[in-house]
């Protein structure tokens, strides 16, 4: 997991062939004005979802993880609490909804919590289980899905 601000994003561009374009999307001048929805950047290899959403309580949220995608979660407005736990430390079996083939939910508590402020992002790799969208108020954020496989 990585937590940083957009001004430092270029430090991470070498980690994936899609990261440079992902961070370019987050630097768009019209980013705050984009309507909620999905935006394909490089087909299903790199796409973004813009959401305005009421935050969840810790009791409502679940740890989740993905095998085929890296998540870059960028907070535009609000303060989000994001939980983290290494998947190697998870002891309960995953729940995998049929309608979401690359989402695994876990009924466990995170090992650590990170406060993600407006203008900050968190990167979660396949080995990172994460608990997003924990907040007291409304969140405006962008979730970028970055394919692990670059072919």
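Listing for the model above:
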| item | result |
| --- | --- |
| Residue list for segment 85-106, filter: more than 22 Å from residue 146 (Cα to Cα) and at pLDDT 95 or above | 89, 90 |
| Which numbered condition residue 36 fails, given (1) in contact with a strand residue (DSSP E or B) (Cβ under 8 Å, 6 or more places away or on another chain); (2) within 30 Å of residue 88 (Cβ to Cβ); (3) free of Cβ contacts under 8 Å to residues at least 40 places away in the same chain | (2) |
| Count of segment 7-53 residues which are within 14 Å of the chain's Cα centre (by Cα) and not in a strand (DSSP E or B) | 4 |
| Given (1) within 23 Å of residue 96 (Cβ to Cβ); (2) touching a helix residue (DSSP H, G or I) at 6+ places or on another chain (Cβ under 6 Å), index of the condition residue 38 fails | (2) |
| Any hit, segment 57-70, residues being at pLDDT below 95, under 16 Å from the mean Cα position of the chain (by Cα), under 16 Å from residue 47 (Cα atoms) and surrounded by fewer than 16 Cβ atoms within 10 Å (Cβ to Cβ) | no |
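The values are calculated or read from the model by the stated rules, or taken from the named source; none is laboratory data. On a predicted model such as this, the values are computed, not experimentally measured, just so you know. All Cβ positions, even for glycine, are placed from backbone atoms using ideal geometry, and neighbour counts span all protein chains on display.
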